[in-house]
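The structure under discussion appears below in the form of structure tokens.
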Amino acid sequence: MSRRSEVLLWGAQRVSAMVLALCVAVHLLTMIYAVRSGLSAAEILGRTQGNVGWLLFYTVFVLAVAVHAPIGLRTIIGETTNARGRGVDMLVAVIGIALAAWGMRAVIGVFGGGAA
Amino acid sequence: MKNDFRSRNHPAYWAFLVHRFSGLLLALFLPLHFWALGQALHGAAALDGFLRWTEHPLVKMAETGLVLLLAAHLAGGLRLLALEFLEWREWQKSLLAAAAGASLVAALAFMLNLA
Amino acid sequence: METLQVRIWRGTEEGGFQDFEVPRQESQTVLDVVTYVQRKCDPTLAYRFACRVGVCGSCAMTVNGVSRWTCRTHVDKVAEDNRVEIAPLRNLPVIKDLVTDMREFFDKWAKARGRFTGSATRKEAFAKVSPESKERKRIEAGIECIGCGVCYSACDVVTWNKDYLGPAALNRAWTLINDVRDTARTERLAAVAGDAGCHACHTHLNCTERCPKSLSPTAGIAGLKRAVLAATLSGEI
């Protein structure tokens with residue numbers, strides 16, 4: 001990977017971290033509030049179903065995670081094993097895509113969910 | 001020759017361990033989290049079926065643990081962003097204590113509401 | 001007279017600890033201990049020292065696993081149960097016993113472009129740099145480095161990433177980046193960028209903990225991260 005790409009990867013990690021700081025703060029507050037009345041599908045879906053605000057919020061959240069987590073994993077793999085280079089980059093890129101896909105499935109699930 | 005725990009016995013290094021460990025565990029947890037919520041695609045009943053597992057006290061403990069990990073990773077991450085992007089100041093060392101405190105508060109609030 | 005039980009590393013990376021008994025003295029330093037062993041117990045023990053008064057950095061070793069200057073380490077402060085363990089600096093090849101090969105440390109210093117490049121000649125007047133300027137204050141905070149290698153030895157990223165330039169080289173690069181007389185800023189920013197450069201630092205702060213001159217390479221490395229990002233986004237590098 002070129003030096004420029006390595007710097008941009010680091011930059012993307014920090015920028016996604018800043019986005020996630022906001023998302024996670026909201027997420028923690030939501031969970032602490034939501035869990036008061038117990039966890040149930042009705043409770044969750046009552047909040048998210050048909051709500052474009054939550055749809056947008058969770059989409060941003062999922063995409064930021066899909067950037068942030070793989071870059072972190074790349075560093076951990078590079079430092080704890082001898083694996084480095086193309087192979088590792090491909091692996092974490094695949095993990096990122098999988099997280100994005102799996103996450104969007106969940107976001108769409110709770111946006112539209114309920115209609116079995 | 002390599003370093004061992006004797007040279008790592010200071011707060012900033014513990015902060016690093018917490019941050020790396022929590023990040024890794026959260027990354028491993030995410031697929032389960034996404035799968036569980038994705039159950040909603042099969043209808044509210046399917047989601048409820050999964051959520052029934054969360055009644056179990058061990059699961060509630062695990063959930064509190066996860067919230068602690070998330071809060072710790074957030075707090076530690078904010079500390080790192082401050083250290084990296086702001087001009088270096090001596091008070092930044094206390095950020096560590098502030099981060100640790102804030103994450104414990106968050107986890108406690110969650111646990112109290114869960115019970 | 002109390003006796004100190006001393007374990008000293010013998011050999012290269014392959015080797016082992018050898019036990020010695022050293023009489024305890026008042027205000028004894030770990031360097032005094034090593035010197036006693038070499039003179040009175042085993043003349044084949046290899047170790048480095050020069051000034052023995054905390055100025056040159058040559059006597060850097062690990063004492064009970066912690067990288068430090070042995071001439072500035074009082075036995076009273078580190079001996080637990082009358083025991084002390086002395087080993088060479090970490091992360092560097094061991095030539096013999098307590099002596100390490102410092103070449104990679106200085107090679108990385110060069111790789112980070114840790115040398116000044118100027119454009120003025122003897123015919124020009126001296127450059128005027130205010131000590132109050134933001135840049136000069138940053139330099140003051142990091143300029144006292146004497147290249148002893150303690151930070152390099154203490155850094156776990158150096159252990160985990162063979163190419164990592166290390167705290168000392170990056171700290172020196174930071175002082176030069178802030179030197180308004182220097183003309184190689186762009187080349188230096190490129191030299192310290194990337195996975196082998198400043199971006200590999202995880203803010204463990206081991207270097208800052210151990211630096212015998214109380215410098216904070218982490219502070220300089222954070223500054224380099226900001227400078228490199230700005231230069232990358234602007235297209236400078």
Selected from B:85, A:83, A:55, residue furthest toward positive end of dipole (the protein assembly as shown; charges at beta carbon): B:85
Positive-pole candidate from B:106, C:69, B:12, dipole of the protein assembly as shown, charges at beta carbon: C:69
With all distinct Cα pairs included, what does the Kirkwood hydrodynamic radius of region C:1-100 come out to in Å, to one decimal, could you say? 13.3 Å
Above-threshold pairs, the threshold being 24 Å between Cα atoms, out of B:2/C:108; B:93/C:137; C:40/C:213; C:123/C:213: C:40/C:213; C:123/C:213
Dividing the alpha-carbon Rg of region C:196-237 by 2.2 N^0.38 Å yields what? 1.34
Qualifying GluC sites (Glu not before Pro) for region C:177-237 [loop in DSSP, other Cβ within 10 Å: at most 14]: C:236
Per-bin percent of Cα-Cα distances, the protein assembly as shown [10 Å]: 4, 17, 24, 21, 17, 11, 5, 2, 0
Let me know the Rg and Dmax you get for chain A when you use only its Cα atoms, in Å. 17.0, 51
For region C:8-62, take N as its residue count and report Rg(C-alpha) divided by 2.2 N^0.38 Å. 1.18
Per residue convex hull volume, Cα atoms of region C:83-154, in Å³: 155 Å³
Return the calculated 222 nm mean residue ellipticity for the protein assembly as shown, to the nearest 500 deg cm²/dmol, obtained by summing -39500 (n - 2.57) across DSSP H runs with n ≥ 4 and dividing by the residue count. -18000 deg cm²/dmol
Averaged over its residues, how many other protein chain Cβ atoms are within 10 Å of peptide B:85-94's Cβ atoms? 3
Aspartates and glutamates with Cα under 20 Å of residue B:60, excluding same-chain neighbours fewer than 8 positions away: A:43, B:48
With an 8 Å Cα cut-off and a minimum separation of 6 or more residues, compute the relative contact order for region A:17-116 in percent. 39 percent
The alpha-carbon center of region B:1-37 and that of region A:1-46 are separated, in whole Å, by 17 Å
Scale the Cα Rg of chain C by the rule-of-thumb value 2.2 N^0.38 Å and send over the ratio, two decimals. 1.15
Partner chain coverage, peptide A:102-111 - average Cβ within 10 angstrom: 6
Largest first and rounded to whole Å, the semi-axes √(5λ) derived from the alpha carbon gyration tensor of chain B read 34, 16, 14
Residue order, fewest to most surrounding Cβ atoms within 10 angstrom, among B:10, C:199: B:10, C:199
Report the Stokes-Einstein translational diffusion coefficient (µm² s⁻¹, integer) for region C:162-237, Rh taken as the Kirkwood radius over Cα pairs, at 25 °C with viscosity 0.890 mPa s. 196 µm²/s
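Only the coordinates and a few stated rules stand behind these numbers; no lab work does. Bear in mind that the values here come from a model prediction, so they are computed numbers and not experimental data. A quick note on method: Cβ atoms are made from the backbone with ideal geometry, for glycine too, and the neighbour counts reach across all protein chains shown.
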